[in-house]
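Colleague: Before I ask anything, here is the structure I am working with.
The values are calculated or read from the model by the stated rules, or taken from the named source; none is laboratory data. Treat the numbers as computed from the prediction; the structure is a model and nothing was measured. Neighbour counts run over all protein chains shown; Cβ positions are idealised from the backbone, glycine included.
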């Protein structure tokens, strides 16, 4: 059964709850409305980073998952992995490898997906502030890079356990939630303007050497590093970027 709400809706709900609970700065997200707002956000983020209040950098790619209650046809490998109902979302290989490398060198990166798929469930969890508790956070670093052009999926059971990257099954180390009693351990970094410069250079080189080359326009090349980071993370790699104290 396909999810009844969009990734952007889930992203908004999760980010709003997570940022409020953790005093986090939402430094970039996939849908910045206009170039002017992007510039305004860039200046605001630069100003806050100069104050030296942030020590953790988190990159989140939000996914919504289809839900299968029964073994049927081509889903047998997924169903058998969990011996029962499961959730599944598709993976973009290049985005996966970017998340993997960000997690290894620039902070903490996660897939974030819900343990529900119906609109009334989303509405109920949003009103009760339980979106985080009913989401899974998966670190791509624990399953490694994808080095082929095949189609890949991530599955997890109805309780969020046994997260696995397919088609050659590789289990994630574990699934976390975003709730206070089950947080992933976040690595701390020195987050300053030098960090932004390094992150920008890394993302720019990565994009230029990939199928996203056309996204690096002359205007982006002339932009300030913080604007380059926000553009590439949000609009190219579809990643929310959060900074935590």
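Colleague: Hey, among the residues in the range 143-157 that are in a loop (DSSP other than H, G, I, E, B) and in contact with a strand residue (DSSP E or B) (Cβ under 8 Å, 6 or more places away or on another chain), which one's modelled with the lowest pLDDT?
Modeller: So the residue we want is 151.
Colleague: Can you tell me which of 41, 118 is over 17 Å from residue 152 (Cα atoms) and surrounded by 19 or more Cβ atoms within 10 Å (Cβ to Cβ)?
Modeller: After applying the criteria, what remains is 41.
Colleague: If you scan the range 145-169, which residues turn out to be in contact (Cβ under 8 Å) with a residue 40 or more places away in the chain and within 16 Å of the chain's Cα centre (by Cα)?
Modeller: Once the filter is applied, which keeps residues that are in contact (Cβ under 8 Å) with a residue 40 or more places away in the chain and within 16 Å of the chain's Cα centre (by Cα), the range 145-169 yields 145, 153, 154, 155, 165.
Residue-by-condition table, conditions (1) surrounded by 14 or more Cβ atoms within 10 Å (Cβ to Cβ); (2) assigned to a loop (DSSP other than H, G, I, E, B):
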position	(1), (2)
159	no, yes
165	yes, no
173	no, yes
178	yes, yes
181	no, yes
195	yes, no
200	yes, no
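Colleague: Continuing with the same structure: Given (1) in a helix (DSSP H, G or I); (2) over 23 Å from residue 21 (Cβ atoms), identify the lone condition not met by residue 234.
Modeller: Of everything listed in (1) in a helix (DSSP H, G or I); (2) over 23 Å from residue 21 (Cβ atoms), residue 234 misses just condition (2).
Colleague: Considering only residues of the range 56-76 that are farther than 24 Å from residue 122 by Cβ and in contact with a strand residue (DSSP E or B) (Cβ under 7 Å, 6 or more places away or on another chain), which is surrounded by the most Cβ atoms within 10 Å (Cβ to Cβ)?
Modeller: Result: 57.
Colleague: Can I ask one more? How many residues are at pLDDT 95 or above and closer than 23 Å to residue 142 by Cα if we restrict to the range 189-205?
Modeller: Qualifying residue count for the region: 3.
Colleague: Mind checking whether some residue in the range 107-114 is modelled with pLDDT under 95, in contact with a strand residue (DSSP E or B) (Cβ under 7 Å, 6 or more places away or on another chain) and buried (at least 20 other Cβ atoms within 10 Å of the Cβ)?
Modeller: Yes, because at least one residue in the range 107-114 is modelled with pLDDT under 95, in contact with a strand residue (DSSP E or B) (Cβ under 7 Å, 6 or more places away or on another chain) and buried (at least 20 other Cβ atoms within 10 Å of the Cβ).
Colleague: Please go through the range 1-15 and pick out each residue that is crowded, with 20+ Cβ neighbours inside 10 Å and part of a loop (DSSP other than H, G, I, E, B).
Modeller: 3
Colleague: For residue 191, are the conditions met, namely being outside any helix (DSSP H, G or I), touching a helix residue (DSSP H, G or I) at 6+ places or on another chain (Cβ under 8 Å), surrounded by 15 or more Cβ atoms within 10 Å (Cβ to Cβ) and touching a residue at least 24 places away in the same chain (Cβ under 8 Å)?
Modeller: yes
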